[in-house]
Each structure stands twice: as C-alpha cells, then as structure tokens.
Number of protein chains: 2
Amino acid sequence: MPIPGPLNPSLRVLLGPGPSDVSPRVLAAMATPVLGHLDPEFLVIMNGTQDMLRQTFMTRNTLTFPVSGTGSAGMETCVVNLIEPGDQMLVAINGVFGQRMAEVARRSGAAVSTIERPWGQIFEAGELHTAVKKYQPKVLGIVHAETSTGALQPLDDVGAICSEHGTLLLVDTVTSLAGVPVEVDAWGADAVYSGTQKCLSAPPGLSPVTFSPRAVDAMKRRKTPVQSWYLDMTLVQRYWGEERFYHHTAPITMIYGLREALLMVQEEGLPARWARHERNHRALKAGLAAVGISYTAAEGHQLPMLNAVRIPPGVNDLAVRRRLLNEFGIEIGGGLGEFKGKVWRIGLMGQSSRANNVLLFLAALEQCLAEEGGRTSSGAAVAAASAVLANHE
Amino acid sequence: MPIPGPLNPSLRVLLGPGPSDVSPRVLAAMATPVLGHLDPEFLVIMNGTQDMLRQTFMTRNTLTFPVSGTGSAGMETCVVNLIEPGDQMLVAINGVFGQRMAEVARRSGAAVSTIERPWGQIFEAGELHTAVKKYQPKVLGIVHAETSTGALQPLDDVGAICSEHGTLLLVDTVTSLAGVPVEVDAWGADAVYSGTQKCLSAPPGLSPVTFSPRAVDAMKRRKTPVQSWYLDMTLVQRYWGEERFYHHTAPITMIYGLREALLMVQEEGLPARWARHERNHRALKAGLAAVGISYTAAEGHQLPMLNAVRIPPGVNDLAVRRRLLNEFGIEIGGGLGEFKGKVWRIGLMGQSSRANNVLLFLAALEQCLAEEGGRTSSGAAVAAASAVLANHE
C-alpha cells in the first residue's frame, strides 16, 4: 500500500444539509493543544460550554452537555435513557428523522405507536392531542426541523398536551438549534438533542442534549439499566456534573470547537442570528421563485436554514449537483428516502448563511439550469435575491 | 451569564493514561476546512484512513474503520454487534476495562461468565483454554493492554483456543495499538477496538475497530436487530463500504486528525515505533527504580506505554500530582478502582513517548519527592534514565 499524500482537500462552499461551513475561528480553536479530560482547566472549559449550551437551548436544565457522538447518538441517548423495555412511545413521523426515531425506539424495547403525515407537512396540535390521549405514551418523540423535507414543526402547544397526560416530550432540534428559536423551557420539552454541524457551524462529532428535571426523575425511577453503557446518563452525568467521575475520555478537541462556535453564537446574539437565517432564506427563496423552483414544505412552515425544493422537470439531479461541486465548489444535498431524485436540499446554516453564498449559489445554479436547456443565464434569480437583500439592509 | 473568555489553555506535557500529546502536524490537520461526508474527495480520505488502519492493526479485514465515538463506544460496538440476547459471553477480568466489558455485555443481553485474575496479573493460555471449554461462549472478551493496571496480556495462543471451540475472540487494544505489536490476523482475533488518544496520538473522539470475516458472518446470521442503531455495523458498513449510503454524518475533522496521525505511524514504521516505546519505557523504569518505585505488573508483562507504579509509602498522591501539574505542567494519572490512591499511571504514549519527557518527568518527580521528605533532589533517577538512553543511542 502506498502511503497516502498530505491532507489537501478542495475548498468547498457547504450549502447542503450539513456539515455547514466552519468559521476559521472554530478551525483555529481545534488546533489548540489538548488538555487532559480531568485537568482543572478543562473542567472550566466544560462549565463554560454547558452554560452557553443552556443559553442556546433557552433552558435552565442542569443536565445539559454535548454527547460524545453525532446527532444520531444524541437521538439514541434521549430514547434509551427515557425508555425501558415495554414502555409506550409515540413518534410523529413526517420524514426520515421521525422514521429513524421510531426505529431507535423499537430497538430500545419500546412499544412504538406512530402518527404520520405526508412528507413536507406538519402536525396540528389537535391531532397530536388526540394521539397522546389515545396512546397515553411515556414519551412523545417529534422532529422540530425535518432535515429530509425542510418542514418546521410548531411546538408551542405540544408541551402542555404532554404534561396533561404525564407524557415526556422528546424533540429533535438537530437542524434548528441556533437558526430559529429553540425554546426548551418555554415549550416544556423534556429531552432535546441537536448536532454541532448545522446552525452551530462546528464540525460534526458532538450532539448537544438537554434533559428537564422531569426527565431526570424518570431516569432515576428506572428499574432496568440503560441498554447502552456509553450513552447512560446516570453514568455520564457523574462526569459532566460536580463529581467529575471518569466515565469515558471526553473528545477534548471537538469540545474546543463547539465552545468557540458557541462563543460566536453568544457574540452575535440569538435574535440577530435567527434574523440573519430568515433574511438569507427569503433572498434565496425569491431567487429560486424567479426561476420557477418551489418548496416542498407549505408556506409558513419552511425551514430558513434548510431549503428543500422540487427539482424542475427535465433537470438531471446528479449532473447539476456534480457540476455545482466540480465547477463552483458548492455542495448542496440531494433528496433522502422518498424524495430521492425529486428534491434538492439547500442549506444556509450558521456560517454558511451569508448573503454572498445566496448570490453565488443562485448565479451558479442559474448557469447550470440555463446550459441544461441550451440557453444562457438571464440573471433573474440573482436579481430577485439582490432586491430582497437590499430591502433588508 | 458572562460570556467566557477566549480559549487559552496552559500547555501541558500529557504523561497520563490518555489523551497523549498531539503532534502539531495533527493539530494543523484538524484546522483543515471541512468537506461534506459524501464529497468524492472525502471518500478518498476515508479509503486512505481505512488502508492505514489495516496496516496498523496488521490485518486484511475489509470491515476496518473508526467508530464515531471514543474507545468505550468501540467496545460497545464490538459487543452489541456480536451478541444477541441470551448468547454466552466469557470475559477475562484483571482490571477496570475487563469489568467494563462484562457490564457492556450484560446490558446487551449476554449471559456473561467471567474468569478473573488479581489486578496487575495476566491470564495463562491454559486457564483461558479451560474456561472456553467449560463455557463454550459465542464470544471471549479480553483486554490486551489493561490501562488500569499496566499489564500486557499475551495473546499468541488465544485465537487458536477460540477457533477450536467456535468462539469469537474480542480484544481491547485501546492502549496498545501502535505502541506494541497488535497483530490482529496473526492472533486470529475477530473483533478488535482501539482509541485515537493513546499511542496513535490523535485527540480523543474516535475508536478504530476491525472485524474478521468470521465476525461479519456472525453479524449476518443475527436473528435480532443490533440494539444500538448508531453502532449497528450492518448499517454503518454501508457508508464505510462501497455503497456510501448515508447513515450518520461522519465526524470529518476527527477523521482528518486520525488520518494525519496514521500517516505519522506509517512514516515512522511500526517496528521503529514499538522500539521507541520500549526504549523510553526502559529509561523511565531505570529512573523510577533508582528512587525505589516499582511496577504493579510483573516483570515481562509490563506495558511500555502505560507505566503503573506503586506510590511510595508516606507520599501524598494528590499533592504530588497537583504539583507536577501546576509547577511543571506535567499530567500523570492516578489509580482507578481498587488502585485509587495506591498507584500512579505514567503514560509514554505515541507523541508523548520521548526521551525528553522521560528526563523532564523524572527530574520533576524527584524534586517533588525530595521536598516531601525535606531533602533536595539527588538527580539519581535522571542519571539512571540517562544511562539507559545513552546505551540505546
């Protein structure tokens, strides 16, 4: 085997469903020399990271920290710590990540019920209430931002429905955290997980989670051990809590990166960050509309950071995405599951949510589409986006 | 909450049980801009990383890749993919990590038997053979390098014993990989996991694993799904194999770091790397002997990269370790479990295994010990180590 050459990847503009572009500040933080996982200085870094995660999740939950794995590990952490074999869990499914949560729940021994909506649609509070009344589940799992469909699920009334029936509310905020309001305490959510590689714009590898006191009580009342030793909160919280008891070696460098990314969130401020995501989304949307491209999710329920749009008829999905990548260095995402070949997913997340990226992407896309049709680009998409951006300045 | 200050940790010399010092080359690699996890250039990086992992594990196993979690996630990956509820698993326990493996196996539904040895001792092939004959387990789990005791378990005859009884051999090489020979194919091992933060000297966060064709067959014959969705090899290998099917977002930056660390292993060469670990271990040992400090593991079974030694009578464990850290910036490890307060664990792993570190550590330790006794340092430890190092040059 020849020894591979030095690491020298092409520079990309990451406009897919994650990872998003990582700020040079965060990259520099990840080159910081490593401390031991029980070093007093590292414990201070852990505390600061937890404080900033609580601010970002808008919660006072003590048990708030990054799981040592990607977003899917966070999902599994929430499920296996709340569920014991035979427990009822209701999962709301309107895309890939609801399906995944149901599968994780089944593997944890839950008796899983589902409530389903066509992909791209959202659940009304009324139907969630009916389902919770019917199944009386220990846990209701629901996805705030469905990365496969681009739909944003309103959660304002769901916490009250759950608490009325003694149900714990588990929410996937992998794609939404730090891009739209994620109000864990105001929602009355009990277990919430996210990822670092979306609107936080740290590299993938950690999953911020937060558990309400009610969720912590439920863990304490367990009669069986959590099936995963690695993800067992009763053990992990002894390290992230005051005891600092060794469980597994924390991923120091990833935590450095997350901490720096959270500092940038604090400096910008959540409201300004949400407004930035919204503004760039509106500009992109205006540009896409100008070339006849529409969204899969209904008006009013579209994620600003993940624009799932219908591929225009006759356009070659793979050819366009390959050209965007190879000629322009731009990555966008294809469709997942039943949206494969039918949908593009254009991410404007965290560091990637910039006016420059909107303009560049629209210019590149228009050129690709025009040449597919044997025309030249009219510039209509860029013009429409520019108009929105100008009005916002 | 005030916004925390910039990341600015003190520079440490990491001579504990891991993490070890990370080379500036690896740190620089981790500041490389992020690619998407399905980018064609990233797929090439994955292939190169897998090739180098196979070389390092001394195996031809196709299913060889880094799990997206720390060493304990690798342990859990090996166990939950091989075990179905009710399967017999035999675990050899002579320290914390054998205990942990037995606990992980119980949580995966295995019927767990154990064979035990006092901490610091190793298992003879004969007793392992007797136990495998008696229990006829589906899986035998054993720790190659017990990080809690500093004992190196010989494995030359264990694979043959297992294969005679149709037992799969699962080996923990978290601390040994790239520091002493880890010969997966020659051993006849079926599932082997390691960590990045020991002798590979990448930051903590990934767990390299490798599975033999026999282990892959056993996974294919499973009647029940793997209890962990995140760690399910039947799904994960569709991403790390030829299909490149999305499972979870790979921790890109950690893989950059591991790749660079593996490049450094390739450039040094495994035999030279083993010899370096052995040489620095001998120097450290001579220095410690000069001040009357002895090892917990028997002569001939001591890990070169993890020197577990008895704290001299009357010496204050915490005071010395705190002083090493605060005055000299040197981290060593305390004892785990029944060795707490009785044992120091001095790591000379990967990038940390350097003659300079041996001399610096011995000088610092001698000063701490002398002042504890109201004396001044004699320099005897440094002199003894220097003599060994000089003979080796």
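Structure data summary
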{"read-out": "Residue exposure sequence - A:Lys138, A:Lys285, B:Lys134 - by fewest surrounding Cβ within 10 Å", "value": "B:Lys134, A:Lys138, A:Lys285"}
{"read-out": "Estimated distance in nm for a label pair at B:Gln136 and A:Asp185, the labels positioned 7 Å out from Cα along Cα-to-Cβ", "value": "6.0 nm"}
{"read-out": "Whole-Hz couplings from phi, Karplus 6.51/-1.76/1.60, listed for the range A:5-18; x for Gly and Pro", "value": "x, x, 6, 8, x, 5, 7, 10, 10, 8, 10, x, x, x"}
{"read-out": "Links that overshoot a 27 Å alpha carbon limit, given the list A:Lys223/B:Lys220; A:Lys133/A:Lys342; B:Lys133/B:Lys223; A:Lys223/B:Lys340; A:Lys198/A:Lys220; B:Lys285/B:Lys340", "value": "A:Lys223/B:Lys220; A:Lys133/A:Lys342; A:Lys223/B:Lys340; A:Lys198/A:Lys220"}
{"read-out": "Around A:Asp51: net Lys/Arg minus Asp/Glu count, Cβ-Cβ under 13 Å", "value": "+3"}
{"read-out": "Vicinal HN-Hα couplings computed from phi for the range B:91-107 (Karplus, 6.51 cos²θ - 1.76 cosθ + 1.60; Hz; Gly/Pro x)", "value": "10, 8, 10, 9, x, 4, 7, x, 4, 4, 4, 5, 5, 4, 5, 4, 5"}
{"read-out": "Integer Hz, Karplus 6.51/-1.76/1.60 couplings in order for the range A:373-382, x for Gly and Pro", "value": "x, x, 10, 10, 5, 8, x, 5, 5, 4"}
{"read-out": "Two-site FRET efficiency, B:Ala370 against B:Leu11, from Cβ-Cβ distance with R₀ of 22 Å, rounded to 0.05", "value": "0.30"}
{"read-out": "Calculated log₁₀ intensity ratio I(q)/I(0) where the Debye formula runs over C-alpha points of the protein assembly as shown, q = 0.07, 0.09, 0.11 Å⁻¹", "value": "-0.51, -0.84, -1.21"}
{"read-out": "Local electrostatic count, A:Gly86, Cβ distance below 13 Å [Lys/Arg +1, Asp/Glu -1]", "value": "+2"}
{"read-out": "Folded to 0 to 90 degrees: helix B:355-372 orientation relative to chain B principal axis, Cα", "value": "60 degrees"}
{"read-out": "Percent of alpha-carbon pairs separated by more than 21 Å within the range B:94-176", "value": "22 percent"}
{"read-out": "5 angstrom amide H check on A:Leu306, placed H, neighbours 5+ away", "value": "A:Leu348"}
{"read-out": "Position A:Asp317, label points 7 Å along Cα→Cβ, spacing to each other copy in nm (shortest first, one decimal)", "value": "5.9"}
{"read-out": "B:Asp87 long-range amide H proximity, modeled H, under 5 Å", "value": "B:Ala111"}
{"read-out": "Dipole-positive endmost among A:Val26, B:Ala189, A:Leu15 within the protein assembly as shown (Cβ charges, Cα centre)", "value": "B:Ala189"}
{"read-out": "Set of aspartates and glutamates with alpha-carbon distance to A:Lys138 below 14 Å, sequence-local pairs under 8 removed", "value": "A:Glu84, A:Asp87, A:Glu164, A:Asp190, A:Asp217"}
{"read-out": "Three-way shape call for the range B:156-238 based on the alpha-carbon gyration tensor, with the a/c threshold at 1.5", "value": "oblate"}
{"read-out": "Cα-based helix-to-principal-axis angle, B:71-82 vs chain B, degrees rounded to 10", "value": "30 degrees"}
{"read-out": "Shape of the range A:225-350, Cα gyration tensor, a/c cut at 1.5", "value": "prolate"}
{"read-out": "Distant-in-sequence amide H partners of A:Leu63 (H built 1.01 Å from N, under 5 Å)", "value": "A:Phe211"}
{"read-out": "Residues B:Arg345, B:Arg12, A:Arg222, A:Arg310 arranged by fewest to most Cβ contacts within 10 Å", "value": "A:Arg222, A:Arg310, B:Arg12, B:Arg345"}
{"read-out": "Around B:Gly188: net Lys/Arg minus Asp/Glu count, Cβ-Cβ under 14 Å", "value": "-4"}
{"read-out": "Using a Förster distance of 25 Å, the FRET efficiency for B:Arg222-B:Ser163 (Cβ separation, nearest 0.05)", "value": "0.80"}
{"read-out": "Ranked list, fewest to most other Cβ atoms within 10 Å of each Cβ, for B:Ile255, B:Ile93", "value": "B:Ile93, B:Ile255"}
{"read-out": "Sparse-neighbourhood loop sites, GluC sites (Glu not before Pro) in the range B:134-243 - DSSP loop, at most 12 other Cβ within 10 angstrom", "value": "B:Glu242, B:Glu243"}
{"read-out": "Amide N proximity, the range A:244-287 versus A:Ser378 label position 7 Å along Cα-to-Cβ, cut-off under 16 Å", "value": "A:286-287"}
{"read-out": "Gaussian network model of chain A, Cα within-10 Å springs - most flexible of A:Leu11, A:Leu359, A:Leu128", "value": "A:Leu11"}
{"read-out": "Kirkwood-based Rg to Rh ratio, the range B:47-139, C-alpha trace", "value": "1.02"}
{"read-out": "For chain A, average projected area of the Cα convex hull in nm²", "value": "20.9 nm²"}
{"read-out": "Estimated FRET transfer efficiency when R0 is 30 angstrom, pair A:Gln55-A:Ala289 (beta carbons, to 0.05)", "value": "0.25"}
{"read-out": "Difference of contour (0.36 nm per residue) and Cα-Cα distance, A:Phe245 to A:Glu41", "value": "71.9 nm"}
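Coordinate-derived values only; no laboratory data. Just so it is clear, the model here is predicted, and its values are computed rather than measured. Because the Cβ atoms are built from the backbone with ideal geometry, glycine has one as well, and the counts that use them run over all protein chains shown.
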